[in-house]
Amino acid sequence: MNNILNAPFLTELVRTCTNMYNHGWDERNSGNISILLDEADVSACLDVTHVLRTIPTGFSAPELNGRYFLVTGTGKYFKNVQVAPDENLGLVRVVDSGRSVELLWGFSDGGTFTSEFPAHMMSHTARLSVSPENRVVMHCHPANLLAMTYVHDLDERSFTRTLWQMCTECVFIFPEGVNVLPWMVCGTNEIGQATAEKMKTARLVVWAHHGIYAAGRDLDETFGLIETAEKAAEIYLKIAHLPLLQTITDEQLHQLEMRFHVKAREGYLNIRPVQSGPEGARDR
Ligand code: 2HA
Ligand code: ZN
C-alpha cells in the first residue's frame with residue numbers, strides 16, 4: 001500500500017494551499033478546497049473499509065453518495081497545511097445520501113470539514129451535472145475581486161464585461177463569464193444552494209464583499225481561473241479612478257472568440273444580436 005502523503009492528489013493539494021496562502025488569498029482560516037477522488041486512487045493508499053469516524057453534514061446530496069473527497073478542515077489555516085497535512089485535511093466518503101460522511105484519513109486532532117462543506121458539495125453536484133469532468137471546488141478571498149464588489153455594479157453581465165476588458169486573455173479563459181451572489185451569511189445551506197445554482201452556468205461565482213468560488217477539472221485549471229479574474233480585478237482597480245482613453249472593444253473580444261474557438265456568454269457582447277430586455281440593452 002502506498003503512503004498517502006506521497007499520493008499526487010495530496011501533494012498537489014498541499015502545494016496549492018501553500019501557493020494560495022502566498023498569494024494572500026487565504027488569510028487566517030479563510031478559504032477551503034475540495035477534490036473529488038477516484039476510489040482506485042484512494043484504495044491504492046488507504047483501506048477504504050477502515051472508517052475512523054462518521055460525521056453528519058446537515059444536508060443531503062444523493063448524487064454524491066459513495067464518492068470520495070479530499071477536503072480542507074474547518075478553522076484550519078492554509079499556511080499550516082504543508083507542515084501538518086493530516087491535521088488540516090481530511091479524506092471522506094459521502095454516505096447516507098450525503099447526510100453524513102465517513103472519515104478515512106486526516107483531521108487527526110478531532111477536527112472536521114470546512115464550514116463551507118454545503119457550498120462545496122452542492123457545487124460539485126451542480127458542476128458534475130454540466131461537466132462530468134469536474135473535480136475541484138475552491139474558495140478564497142482575493143483582495144482585488146473582493147474590493148471590486150464595493151465599487152462596481154454587481155450585475156453579472158456588467159461585472160463580467162469589465163473583467164473581460166481588463167486583460168486580453170479573460171474572454172477565452174472564462175468565456176462563460178462570472179456569476180455574482182449578493183452578500184449572504186456564509187457557511188449556510190442557503191448560500192450553498194445559491195452558489196450551486198450559479199455554478200450551473202459559470203465556473204466562477206463571486207460572493208460580494210466576501211470572496212470567490214471556482215470549479216474546474218483539476219487544481220491548476222481552478223487556480224488559474226481565480227488567478228486570471230483576480231489579475232483583471234487588479235487592473236480595474238488601478239484604472240477605475242482614471243480617465244478611460246481606450247479599452248478592448250466588443251469587436252476585439254469577438255476576434256478573440258474566433259481565434260480561440262470559444263463562445264462568449266450569449267448576449268454578453270454587443271456584436272451579436274443581444275437578448276431583449278434591460279439586460280441586453282446595457283452597455284457595460
Ligand atoms: O473557511 O472562508 O467562507 C473560512 C471561509 C468561510
Ligand atoms: Zn470565505
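For segment 163-187, taking the residues that are more than 14 Å from ligand 2 (Cβ to nearest atom) and of a type in the set (Phe, Trp, Tyr), the one that is surrounded by the most Cβ atoms within 10 Å (Cβ to Cβ) is identified as TRP164.
Yes or no, residue by residue, for (1) surrounded by fewer than 18 Cβ atoms within 10 Å (Cβ to Cβ); (2) in contact with a Leu (Cβ under 8 Å, 6 or more places away or on another chain); (3) at pLDDT 95 or above; (4) basic (Lys, Arg):
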{"residue": "ARG203", "(1), (2), (3), (4)": "no, yes, yes, yes"}
{"residue": "ASP218", "(1), (2), (3), (4)": "yes, no, yes, no"}
{"residue": "GLY224", "(1), (2), (3), (4)": "yes, no, yes, no"}
{"residue": "ILE239", "(1), (2), (3), (4)": "yes, no, yes, no"}
{"residue": "PHE260", "(1), (2), (3), (4)": "yes, no, yes, no"}
{"residue": "ALA264", "(1), (2), (3), (4)": "no, yes, yes, no"}
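Candidates in segment 82-130 are the residues that are of a type in the set (Asp, Glu) and more than 16 Å from ligand 2 (Cβ to nearest atom); of these, the one that is surrounded by the fewest Cβ atoms within 10 Å (Cβ to Cβ) is ASP109. Listed by first and then second residue, the pairs with beta-carbon distance under 9 Å, at least 6 apart or on different chains, first residue in segment 202-231 and within 16 Å of ligand 2 (Cβ to nearest atom), second part of a helix (DSSP H, G or I) and of a type in the set (Phe, Trp, Tyr), are VAL206/PHE159; ALA208/TYR150; HIS209/TYR150; ALA214/PHE223. For GLU190, state whether it is at pLDDT 95 or above, more than 10 Å from the chain's Cα centre (by Cα), surrounded by fewer than 19 Cβ atoms within 10 Å (Cβ to Cβ) and more than 17 Å from ASP155 (Cα to Cα). So GLU190 fits the description; yes.
Inside segment 1-47, can you point out the residues that are surrounded by fewer than 15 Cβ atoms within 10 Å (Cβ to Cβ) and part of a loop (DSSP other than H, G, I, E, B)? Of everything in segment 1-47, those that are surrounded by fewer than 15 Cβ atoms within 10 Å (Cβ to Cβ) and part of a loop (DSSP other than H, G, I, E, B) turn out to be MET1, ASN2, ASN3, GLY24, GLU27, ARG28, ASP38, ALA44, ASP47. Of all residues in segment 205-241, those satisfying the criterion of being away from ligand 1 (no atom under 16 Å from the Cβ), assigned to a helix (DSSP H, G or I) and of a type in the set (D, E, K, R) are ASP220, GLU221, GLU227, LYS231, GLU234, LYS238.
Considering only segment 170-178, I want to know if a residue exists there that is within 22 Å of GLY24 (Cβ to Cβ) and assigned to a strand (DSSP E or B). Explain how you work it out, then say what you get.
Going through segment 170-178, the residues within 22 Å of GLY24 (Cβ to Cβ) turn out to be 170, 173-174, 178.
Subset that is assigned to a strand (DSSP E or B): 178.
Looking for residues that are within 22 Å of GLY24 (Cβ to Cβ) and assigned to a strand (DSSP E or B), one finds at least one in segment 170-178, hence yes.
Taken over segment 141-195, the criterion of being of a type in the set (S, T, N, Q), within 19 Å of ILE235 (Cα to Cα) and within 16 Å of ligand 1 (Cβ to nearest atom) is satisfied by THR149 alone. Could you go through segment 96-110 and let me know if any residue there is more than 23 Å from MET1 (Cβ to Cβ), within 16 Å of ligand 1 (Cβ to nearest atom) and hydrophobic (A, V, I, L, M, F, W, C). Checked segment 96-110: no residue is more than 23 Å from MET1 (Cβ to Cβ), within 16 Å of ligand 1 (Cβ to nearest atom) and hydrophobic (A, V, I, L, M, F, W, C). Looking at segment 135-157, which of its residues are assigned to a helix (DSSP H, G or I), touching a strand residue (DSSP E or B) at 6+ places or on another chain (Cβ under 9 Å) and more than 28 Å from ASN29 (Cβ to Cβ)? Within segment 135-157, GLU156 is the sole residue that qualifies.
The values are calculated or read from the model by the stated rules, or taken from the named source; none is laboratory data. Not measured: the values here are computed from a predicted model. Please note: Cβ atoms are built from the backbone with ideal geometry, for glycine as well, and neighbour counts cover all protein chains shown.
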